[in-house]
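A.B. asks: First the structure, which I've put down as structure tokens, then a few questions once you've had a look.
Read-outs throughout are calculated quantities, based only on the coordinates presented, and are distinct from any laboratory measurement. What you see is a predicted model; the values in this text were computed from it and never measured. All Cβ positions, even for glycine, are placed from backbone atoms using ideal geometry, and neighbour counts span all protein chains on display.
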Amino acid sequence: MKKEGQLHLDLVILDGELIPRIPWWFSPKSKIKSRYLFRLYTQLIELSNEMFSLAHETSTALVGIVKRSYGHLLGPLVGMPDLPLNDKAIATYILEPGEYIDLGYCYDIWEKTKKVLESLRGNKTLAKILMHRTLWLKKVLDYVEWSGHTRIVLYKSWQPSYFSLATKVEVWVSDILSIDHIIGFLAAHTGINGVPYQVDVVDSMCRVPKTLIFETQQEIFKSLSEKLRDTRLAMSIAGLTNPEKMSRIGFR
């Protein structure tokens, strides 16, 4: 709509990552193209490429809010590849309100992590972890155009409080908005829960009704029971969900 002159905006904020998590086995030359997962990842990559292409053509900045952040990208970048804490935990501990850590472009993160991996000697467990990380980043760089120009940033809200969570974001800057402008805007509109106000509002407007979730899970349970011919096993599988949300779908 912006490209066609029907909409005027400078920044798009997504509830989730900008960069898709592409599995190590994915390849356009794969012989399993008929499989459902392969088709899904192919469509996801095509959609991501279209998003970045439109953002480039229209000088639109993009931000992806990574809520559940378990990544360990920071350790290798600061010479501590065996650091046990994840990025969000470290940023929450060391950052003051309004401060941020820019990990750099995805391409640079991949390159630096690869060098650390090549320098490891004797620690097979750590080497395996870093190898998986570099493979994932390489897949993204190979198949998602412009992804190498996406920056990964950790910041804290301007709002002072006794305790506030850091926020991890993936940022695509534009000709109009620099990284400082974007993070400054986000920090001014983020609460102590580490989520920008705009995302919180949209999230509250898009909640799936409890009844629909319950009915969906019951359909899954019914289908599993028929296929497995084992009610107990079907209930065990259908009940695999976030414990905090069990009550929302009718389980007690």
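A.B. asks: Classify region 11-205: rounded, prolate or oblate, from the alpha-carbon gyration tensor (a ≥ b ≥ c, eigenvalue square roots; a/c under 1.5 rounded; otherwise prolate if a/b is larger than b/c)?
C.D. replies: It comes out oblate by the Cα gyration axes.
A.B. asks: Let me ask another. Would you mind working out the magnitude of the charge dipole of the chain relative to its Cα centre, with +1 at each Lys and Arg C-beta and -1 at each Asp and Glu C-beta, to the nearest 20 Debye?
C.D. replies: Taking the Cα centre of the chain as origin, the dipole is about 1460 debye.
A.B. asks: Let me ask another. State which helices in the chain qualify, where a helix is a whole DSSP H run, it must extend 30 Å or more along its own axis by its Cα atoms, and its mean Kyte-Doolittle hydropathy must be at least -0.5.
C.D. replies: 36-57
A.B. asks: Okay, next question. What percent do you get for the relative contact order of the chain when only Cα pairs under 8 Å and 6+ apart count?
C.D. replies: Over the chain, the number comes to 21 percent.
A.B. asks: Here's a follow-up. Report, in deg cm²/dmol and to the nearest 500, the calculated mean residue ellipticity at 222 nm for the chain, where each DSSP H run with n ≥ 4 adds -39500 (n - 2.57) and the sum is divided by the residue count.
C.D. replies: -14000 deg cm²/dmol
A.B. asks: Arrange the peptides 17-25, 211-219 so that the one whose residues have, on average, the most other Cβ atoms within 10 Å appears first.
C.D. replies: 17-25, 211-219
A.B. asks: Longer than 20 Å from Cα to Cα, which of Lys2/Lys67; Lys124/Lys168; Lys88/Lys115; Lys67/Lys156; Lys128/Lys156 are they? Say none if no pair is.
C.D. replies: Among Lys2/Lys67; Lys124/Lys168; Lys88/Lys115; Lys67/Lys156; Lys128/Lys156, the Cα-Cα distance tops 20 Å for Lys2/Lys67; Lys124/Lys168; Lys88/Lys115; Lys128/Lys156.
A.B. asks: Now, a different point. From the Cα gyration tensor of region 1-116, with a ≥ b ≥ c the square roots of its eigenvalues, which class applies: rounded if a/c is under 1.5, or else prolate if a/b is larger than b/c, or else oblate?
C.D. replies: Oblate, since a/c reaches 1.5 and b/c is not below a/b.
A.B. asks: For region 49-144, what class follows from the C-alpha gyration tensor (a ≥ b ≥ c being the square roots of its eigenvalues): rounded when a/c is under 1.5, otherwise prolate if a/b is larger than b/c, else oblate?
C.D. replies: Oblate shape, in that a/c is at least 1.5 and b/c is the bigger or equal ratio.
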